[in-house]
Amino acid sequence: MSPLNVVYDTRDVFHGRNVFGTWKKEHFWWDRTTSNQDYEFPPLERSKYENQANIAALNSHIDFESSTICLGLTWSLDGTSLVAVFNDYGIRQYLLPEEPGTMLVPFKRFFRSQSIVESCVHPLYSMFGGNEGINVMLISSKELPIQLVSLSPQVSEHTPLFSYSVLNEENEKYETIFALSFYRESQFLAGASRNKVLAYDLNRKCPLWSSSISGGSRKDKGNNQFTHRSIVSCFDQNNGVQPFSVSYGATYRNDIFGVDTRIKHLLSLADKNTLGINNTSGIVQLISSVNQHFLYVVKRNSDTIDILDIRQGLSKINELKLPFRIGAQKFKASVDSTNGLLIGTADGRILKWSSDLIEFGGIAKENSPILEDCLKPNIDFQTEYLEYRINIVATNPWNPHIIASSYSPDKFDTDQEAKSGISVFSLQ
């Protein structure tokens with residue numbers, strides 16, 4: 001194993017199973033860290049639930065005796081800051097300190113009034129070089145429209161800039177959005193239940209396009225339709241807004257489909273039978289290779305990552321072998337042209353497959369499969385969190401030798417010591 005050096009981290013702020021204690025520690029460290037700075041930092045927004053008298057009145061669903069865990073971690077385009085979404089309904093923006101070893105404290109922090117089901121930061125976001133149109137993120141919650149909120153450093157109020165209708169006209173109820181992704185600079189995709197996908201323009205309330213296919217079969221009837229209905233779990237990550245006409249999405253029933261808003265319906269491209277996936281899995285992440293030739297498929301309840309060849313109709317050509325089994329709690333991997341593929345483990349390690357292997361899809365140059373041993377990780381990095389999960393690994397787009405990670409206990413193990421937080425590592 002190769003040890004990893006921690007460059008910055010959140011220290012003990014998110015340790016323990018006491019959300020009120022976490023907020024108190026965060027304020028303490030923020031005051032201590034920012035008091036000696038020449039720059040006047042914006043004050044940390046307080047949660048409306050910090051006043052415990054409001055909890056019952058506001059019908060909070062936060063478990064105040066659980067670990068505070070980072071559920072989403074996104075770099076700015078220039079690699080100078082991170083946007084982190086937590087299960088305490090909080091959104092935090094961290095600026096990387098100039099001095100290594102400095103504690104990570106939020107530059108800004110604001111809260112939503114209820115649980116965040118899914119979120120998506122604009123891929124061109126930058127606290128320094130961005131503008132009001134791209135310094136934004138999308139947020140979905142149950143029984144609410146999709147909301148657009150500002151990430152600009154000078155904004156002090158975080159009421160939604162805009163809302164997008166998810167009203168189901170058949171039953172007049174709000175659809176819950178489980179997947180969000182920008183696919184143009186000013187357009188995004190949203191995925192709901194029953195295989196429903198919607199496409200929006202940032203400046204229009206109602207969707208520009210929608211599809212909800214349910215009948216038919218994938219190959220037998222030749223009509224590109226699904227045999228069942230399921231939750232849309234994710235869209236493909238393609239390292240930024242790309243001018244491609246087709247995006248990819250997946251469901252918890254292990255279907256993979258194409259989204260092309262020039263045609264009426266979703267394109268059913270692969271299912272559990274063609275991929276050889278059992279029903280207990282469920283796709284949680286699709287990542288495009290940098291050369292856009294392959295899709296990497298991360299699944300629950302699995303010890304492999306599938307490799308699909310986009311040029312061959314998403315045929316499965318190989319698997320990356322994981323030395324552990326992903327359970328019900330998600331892991332989020334990262335792909336870049338320098339490192340290849342990185343993913344955390346359930347025992348505090350980070351695994352790396354080389355960029356050459358990733359860009360060739362695990363196929364040797366003579367078009368024969370690479371030996372099985374070569375599909376195991378090239379490097380196994382050891383962190384100081386060996387008793388905890390590395391849930392998220394995200395590569396800095398400006399400096400791929402810097403990676404951010406979220407670590408936590410297993411959320412289903414209430415007896416495990418609760419230590420969680422964000423760490424930034426150097427691979428050099």
message: Once the cut-off is 18 Å, how many percent of the Cα-Cα pairs in the stretch 15-108 end up in the long-distance tail?
response: 51 percent
- prompt: TYR407: accessible area at probe 1.4 Å, nearest 10 Å²?
  reply: 10 Å²
task: Give LYS264/LYS299; LYS321/LYS352; LYS48/LYS419; LYS24/LYS411; LYS48/LYS108; LYS332/LYS411 a once-over and call out the pairs whose C-alpha atoms are over 18 Å from each other.
output: LYS264/LYS299; LYS48/LYS419; LYS24/LYS411
field: Cut-off under 5 Å, modelled amide H: who pairs with VAL117 long-range
entry: SER140, SER141, LYS142
- request: Calculate, for the chain, the solvent-accessible area per residue in square angstrom, rolling a 1.4 angstrom probe over the heavy atoms of the protein chains.
  value: 45 Å²
message: Defining a contact as two alpha carbons under 8 Å apart and six or more residues distant in sequence, what relative contact order in percent does the chain show?
response: 13 percent
- line: Comparing LEU375, LEU167, LEU189 in a Gaussian network model of the chain (Cα, 10 Å), the one with the largest mean-square fluctuation is LEU167
statement: Long-range amide H partners of PHE107, meaning residues 5 or more apart or on another chain whose placed amide H is closer than 5 Å, are GLN93, TYR94, LEU95
- request: In Å and from the alpha-carbon atoms only, list the Rg and Dmax of the chain.
  value: 21.2, 69
- request: Return the carbon/sulfur percentage of the accessible area of the chain, one whole number, probe 1.4 Å, all protein chains in place.
  value: 47 percent
- prompt: Using alpha-carbon positions, what is the distance between the centroids of the stretch 106-155 and the stretch 295-344, in Å?
  reply: 28 Å
message: Can you compute log10 of I(q)/I(0) for the stretch 1-46 with the Debye formula, treating each Cα as one identical point scatterer, at q = 0.13 Å⁻¹?
response: -0.42
field: Simple Cβ-charge dipole of the stretch 238-309, Lys/Arg +1 and Asp/Glu -1, about Cα centre, in debye nearest 20
entry: 220 debye
statement: Sorting ASP415, ASP236, ASP410 on solvent-accessible surface, 1.4 Å probe, most exposed first, gives ASP415, ASP410, ASP236
statement: Summing -39500 (n - 2.57) over every DSSP H run of at least 4 in the chain, dividing by its residue total and rounding to the nearest 500, the 222 nm mean residue ellipticity is -1500 deg cm²/dmol
- request: Using the Karplus curve 6.51 cos²θ - 1.76 cosθ + 1.60 with θ = phi - 60°, work out ³J(HN,Hα) for each residue of the stretch 261-277 in order, rounded to whole Hz, and write x for Gly and Pro.
  value: 6, 7, 10, 6, 10, 5, 9, 6, 10, 7, 9, 4, 6, 5, 8, x, 9
- request: Heads up, I need the accessible area for LEU71: 1.4 angstrom probe, whole protein in place, Å², nearest 10.
  value: 80 Å²
message: For the stretch 287-421, what does the convex hull of the Cα positions come to per residue, in cubic angstrom?
response: 100 Å³
task: Using a 1.4 Å probe and counting only protein heavy atoms, arrange ASP303, ASP260 so the residue with the most accessible area comes first.
output: ASP303, ASP260
- prompt: How big is the charge dipole of the chain about its Cα centre, in debye rounded to the nearest 20, if each Lys and Arg gets +1 on its Cβ and each Asp and Glu gets -1 on its Cβ?
  reply: 1140 debye
message: Quick check: with the 1.4 Å probe, what order do GLU185, GLU359, GLU98 take by accessible area, largest first?
response: GLU98, GLU185, GLU359
- request: With unit charges on the beta carbon (Lys/Arg positive, Asp/Glu negative), name the residue among PRO100, THR159, PHE257 whose Cα is farthest towards the positive pole of the charge dipole of the chain.
  value: PHE257
- request: Taking every Cα atom in the stretch 233-360, find the radius of gyration and the maximum pairwise distance Dmax, and write them in Å.
  value: 14.0, 45
- prompt: Once you charge only the Cβ atoms, +1 for Lys and Arg and -1 for Asp and Glu, what is the size of the charge dipole of the stretch 34-177 about its Cα centre, to the nearest 20 debye?
  reply: 140 debye
Dipole axis of the chain (+1 Lys, Arg; -1 Asp, Glu on Cβ), positive-most option in PHE381, PRO323, TYR248: TYR248
field: Fraction of the pair-distance distribution of the stretch 84-178 above 19 Å, Cα-Cα pairs, percent
entry: 46 percent
message: How large is the accessible surface of CYS206 in square angstrom, using a 1.4 angstrom probe and rounding to the nearest 10?
response: 80 Å²
message: Given points 7 Å out from each Cα along the Cα-Cβ axis, report the ASP201 to GLN428 separation in nanometres with one decimal.
response: 4.5 nm
query: Once Lys and Arg get +1 and Asp and Glu get -1 on their Cβ, which of PRO409, ILE310, VAL297 lies farthest toward the positive end of the dipole of the stretch 288-428?
result: ILE310
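The values are calculated or read from the model by the stated rules, or taken from the named source; none is laboratory data. For clarity, every value in this text was computed on a predicted model and none was experimentally measured. Counting neighbours? That spans all protein chains shown, and the Cβs are built from the backbone with ideal geometry, glycine included. In case anyone asks, the SASA skips ligands and DNA or RNA and just uses the protein heavy atoms, side chains included. Shrake-Rupley method; radii C 1.70, N 1.55, O 1.52, S 1.80 Å.
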